[in-house]
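The values are calculated or read from the model by the stated rules, or taken from the named source; none is laboratory data. Predicted model only: the values in this text are computed from it and were never measured. Note that each Cβ is placed from the backbone with ideal geometry, even for glycine, and that neighbours are counted across all protein chains shown. Note: accessible area is taken over every heavy atom of the protein model, side chains too, but ligands, DNA and RNA are not part of it. Shrake-Rupley method; radii C 1.70, N 1.55, O 1.52, S 1.80 Å.
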Amino acid sequence: MSLTSAATLATLDRTGPRRITDLAAVEGVTQPAMTSLVRVMEESGLVERRGDASDKRVTLVYLTEAGASYVRTRRQAGVDAFERLIGELAGDEVEALVAALPALKHLAELESRDREGPER
């Protein structure tokens, strides 16, 4: 799976259903590229398109249970890898990581805000 596909699934997991144009902007790709990507993910059963109840002209992309499961599995694999690697560090290196956690959390919040755009 491409990084853009994985990032799109993570965005849907984090923010809920989105328009293709919103997803394209968040992921930094063109609308036609996102449309193609969504079609492939839809064929794979990871996402589905549904009409927006509040505006019948709009189609939203939803994460399916299979897509949510994929995101959870990838996140857990990342956690497991970090746990293994952190277990190989010396005590003072672990302490340095713990001390850096507030700054890293702030960076993640800033990145998330930038990815979601001003309206979210």
Q: Could you please give the count of residues in segment 11-25 that are open to solvent by less than 30 Å² (accessible area, probe 1.4 Å), closer than 18 Å to VAL58 by Cα and in contact with a strand residue (DSSP E or B) (Cβ under 9 Å, 6 or more places away or on another chain)?
A: 5
Q: Return the total of residues in segment 58-81 being surrounded by 11 or more Cβ atoms within 10 Å (Cβ to Cβ) and not polar (S, T, N, Q).
A: 13
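From the list VAL94, VAL38, pick out the single residue that is farther than 22 Å from ALA6 by Cα and either aromatic (Phe, Trp, Tyr) or open to solvent by less than 60 Å² (accessible area, probe 1.4 Å) (or both). Break it down into steps so the answer makes sense when it comes.
On the way: VAL38 fails: farther than 22 Å from ALA6 by Cα.
Selected residue: VAL94, the only one of VAL94, VAL38 that is farther than 22 Å from ALA6 by Cα and either aromatic (Phe, Trp, Tyr) or open to solvent by less than 60 Å² (accessible area, probe 1.4 Å) (or both).
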Q. For LEU89, are the conditions met, namely being outside any helix (DSSP H, G or I), open to solvent by 30 Å² or more (accessible area, probe 1.4 Å) and of a type in the set (A, V, I, L, M)?
A. yes
Q. What single numbered condition from (1) hydrophobic (A, V, I, L, M, F, W, C); (2) under 21 Å from THR73 (Cα atoms); (3) open to solvent by 20 Å² or more (accessible area, probe 1.4 Å) fails to hold for VAL29?
A. (2)
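Looking at segment 71-108, which of its residues are of a type in the set (A, V, I, L, M, F, W, C), within 30 Å of LEU46 (Cβ to Cβ) and in contact with a Leu (Cβ under 9 Å, 6 or more places away or on another chain)? Before the answer, list the steps.
First, pick out the residues of segment 71-108 that are of a type in the set (A, V, I, L, M, F, W, C): 71, 77, 79, 81-82, 85-86, 89-90, 94, 96-101, 103-104, 107-108.
Next, only the ones that are within 30 Å of LEU46 (Cβ to Cβ) stay: 71, 77, 79, 81-82, 85, 104, 107-108.
Of everything in segment 71-108, those that are of a type in the set (A, V, I, L, M, F, W, C), within 30 Å of LEU46 (Cβ to Cβ) and in contact with a Leu (Cβ under 9 Å, 6 or more places away or on another chain) turn out to be VAL71, LEU104.
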Q | Inter-residue pairs, beta-carbon under 8 Å, first assigned to a helix (DSSP H, G or I) and in segment 1-29, second open to solvent by less than 50 Å² (accessible area, probe 1.4 Å) and among the basic types (Lys, Arg), 6+ apart | A | THR11/ARG18; LEU12/ARG18; VAL26/ARG18
